[in-house]
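Just so you know, all these numbers are worked out from the coordinates, no wet-lab data involved. If you're wondering where the values come from, they're calculated on a predicted model, not measured in any experiment. Glycine gets a Cβ as well: all are built from the backbone with ideal geometry, and neighbour counts include every protein chain shown.
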Amino acid sequence: MTSAVRFTHPGPPDVLRLIPVPRTEPGPGEIRITVHAAGVNNADLLERRGQYPVPPGAPPGLGLECAGVISAVGGGVDAWQIGDRVCALLTGGGYSEEVVVPAVQVMPVPHGLTMVEAAALPEVACTVYSNLSMIVGLREGQSVLIHGGAGGIGSFAVQWAKAIGTRVLSTGGSTVKTDAILNLGADVAINYRTQDFVRQTLAHTDGRGVDAVLDIIGAPYLARNIECLAPDGHLVTIGGSASSTRLDLWELMSRRASLSATLLRARPADQKSRITAGVVRDVFPLIEAGRIRAVVDSVFPLAQAAAAHRRLESGDVIGTVVLETDANRE
């Protein structure tokens, strides 16, 4: 037996409990990780509330990223060995002492990082890279507007976009957050509670707009995000509310703009394999060179997952909230 955080019905953070669960052996193409730390993401909050449909075949339990040490290797896995320090992109189950994951979704812990720092990377790095690099093709000399630049995904996106040589504008909901965004390297930080982000975006781009927008809000911001786009720009929506809205196609067409809406969790393993390979090749060297850092807001013991959720729900988070297991303290 091992232990994992589970909940039997949707509800507030207190529905989360650390309970004994059966140990799972890795099958062909899989590895088992002794989890040292696991990232806490907004998708976990939505799933706990019953507002996030779990993809078919996902393992039980919350948690989309972790870091730890390989404890078992399934058949046909040659790239990894027992004892390797790894971080992994998960479809679920990260809030556990052990987790089984397809080997193609596993990455080495970047040199110089702790397990807690490494656990804060897979979901955000793969989300940002798959959207802004693989889909948008954002490159040096272009510009991007990143919403929520002080959050987990946003804090990584700001750093990555600066590291590749783009001009970065980003939004935050308080002076504390806009200060954090500037400290991460953004060229412009916009307080969306006191400033109109469309006007500010256009003002800081001489009326042209940005080449890309990374949006975590969804339907309520759709029309206004399109207003921020330069000709041939690209809007990528990766989260937000499930509400609907009307789309004015002419606004897109007149800008020759593109719109993408993606969810990383639901992608099949072969797509995740290409994403993780790209992150290891193109992103991890930037981390190891000190040009991107894992931004950890706070760390909670695994048994205090409810407290970690309350922290994330507070709206005061800068970076990623992380859960830590006993294995990381041994």
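Spin-label model, D78/S244: points 7 Å from Cα along the beta carbon direction are separated by 5.1 nm.
For the chain, the Cβ-based charge dipole about the Cα centre amounts to some 440 debye (Lys, Arg positive; Asp, Glu negative; other atoms uncharged).
Between the amide H of C228 and any residue lying 5 or more places away or on another chain, no distance stays under 5 Å, with hydrogens modeled in the peptide plane. Residues whose amide H falls under 5 Å from that of E65, counting only those 5 or more places apart or on a different chain, are G39, L90, G94, with hydrogens built in the peptide plane.
Phi-derived couplings, Karplus 6.51 cos²θ - 1.76 cosθ + 1.60 at θ = phi - 60°, listed residue by residue for region 254-265: 5, 9, 6, 8, 10, 10, 10, 10, 9, 10, 6, 4 Hz, with x used for Gly and Pro. Rounded to the nearest Hz, the phi-derived 3J(HN,Hα) couplings of region 122-138 under the Karplus curve 6.51 cos²θ - 1.76 cosθ + 1.60 (θ = phi - 60°) are x, 5, 6, 5, 6, 5, 5, 5, 5, 8, 7, 9, 6, 8, 7, x, 4, where x marks glycine and proline. Working note: Karplus 6.51/-1.76/1.60 with θ = phi - 60° gives region 291-300 the couplings 8, 9, 10, 6, 9, 9, 6, 6, 10, 10 Hz, where Gly and Pro are set to x. Relative to the longest principal axis of the Cα atoms of the chain, the long axis of helix 269-278 lies at roughly 70 degrees.
With Cα atoms defining each centre, region 150-172 and region 1-74 are spaced 28 Å apart in the structure. Taking amide H atoms as placed 1.01 Å from N in the peptide plane, the amide H of T2 lies under 5 Å from those of V21, R23, each 5 or more residues away in sequence or on another chain. Packing-based ranking of 286-297, 123-134, 265-276, 162-173 yields 123-134, 162-173, 286-297, 265-276, ordered from highest to lowest mean Cβ neighbour count within 10 Å. The stretch between A219 and R291, if pulled fully straight at 0.36 nm per residue, gains 22.6 nm over its current Cα-Cα span. Shown here: Cα extents along the principal axes in Å, derived from the displayed model; of the candidates (i) 71, 43, 35; (ii) 56, 51, 36; (iii) 60, 40, 34, it corresponds to (iii).
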